[in-house]
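What follows is a set of notes on a single structure, which appears directly below.
The values are calculated or read from the model by the stated rules, or taken from the named source; none is laboratory data. Values in this document were obtained by computation on a predicted structure and should not be read as measured data. Neighbour counts are summed over all protein chains in view; Cβ atoms, including those assigned to glycine, are modelled from backbone coordinates with ideal geometry.
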Amino acid sequence: MNGKNPLEVKFEQLLFASRWLLAPIYLGLVVALMVLLGVFLHELWLYIPKAFSMDADKVVVMLLTLIDMALAGNLLLIVIFSGYENFVSKFDVEKGDDRPDWMGKIDFSGLKIKLIASIVAISAIQLLKQFMEIGKGEVDAAQAAHDMRWMVILHLTFVISGVLMALMDWLKARSRNCE
């Protein structure tokens, strides 16, 4: 027992086993992914009958909506797989052709960067959708300008946050190389 106190050993074992408390959270994210799939299929079902009667702008907004949901699904999957492997347990699935290349290679730092990159992409799509609705007469122009201003500010906040996170990781890696 390396001369450790048995109480300390048991306490450390309990702490180490507590990582399994995250497993139900990842299972909940799988349920959220199924909900997202249901919403995606519902949206697709609603758009299909209208597709050929829509003008080009509406088709682009429809596509952006579907792409937005696909990016959100990708984000969920990355968080589920990487989070589980980084914080709970390694996957014991065989490394066949079907296993994504990035599995088992994304550490917490990489997860952070992928997360913020996905958020920036989703934010950009929402901003583009809002921009395409300008001048359609459905919303008060002053309110639309106000909403657009806040969306741009929020998007830039995400972009700057992502750049700062990447800079911090770069500085951390650089300081390790100097040691």
So Lys4, is it without any contact (Cβ under 8 Å) to a residue 40 or more places away in the chain, assigned to a loop (DSSP other than H, G, I, E, B) and not assigned by TED's automatic domain parsing to the domain that holds Thr65
yes
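Among the residues that make up the stretch 71-92, is at least one of them at pLDDT below 80 and either touching a Ser or Thr at 6+ places or on another chain (Cβ under 8 Å) or closer than 30 Å to Trp20 by Cα (or both)?
First pass over the stretch 71-92, keeping only residues at pLDDT below 80: 92.
Still in the list and also either touching a Ser or Thr at 6+ places or on another chain (Cβ under 8 Å) or closer than 30 Å to Trp20 by Cα (or both): 92.
Yes, the stretch 71-92 has at least one match.
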Residues of the stretch 28-45 being touching a helix residue (DSSP H, G or I) at 6+ places or on another chain (Cβ under 9 Å) and either without any contact (Cβ under 8 Å) to a residue 40 or more places away in the chain or not assigned by TED's automatic domain parsing to the domain that holds Gly83 (or both), in sequence order, are Leu37, Val39, Phe40, Glu43, Leu44
What pairs can you find where one residue is in the stretch 49-63 and within 15 Å of Phe131 (Cα to Cα), the other is among the charged types (D, E, K, R), and their Cβ atoms are less than 6 Å apart, with a gap of 6+ or different chains?
Val61/Lys129
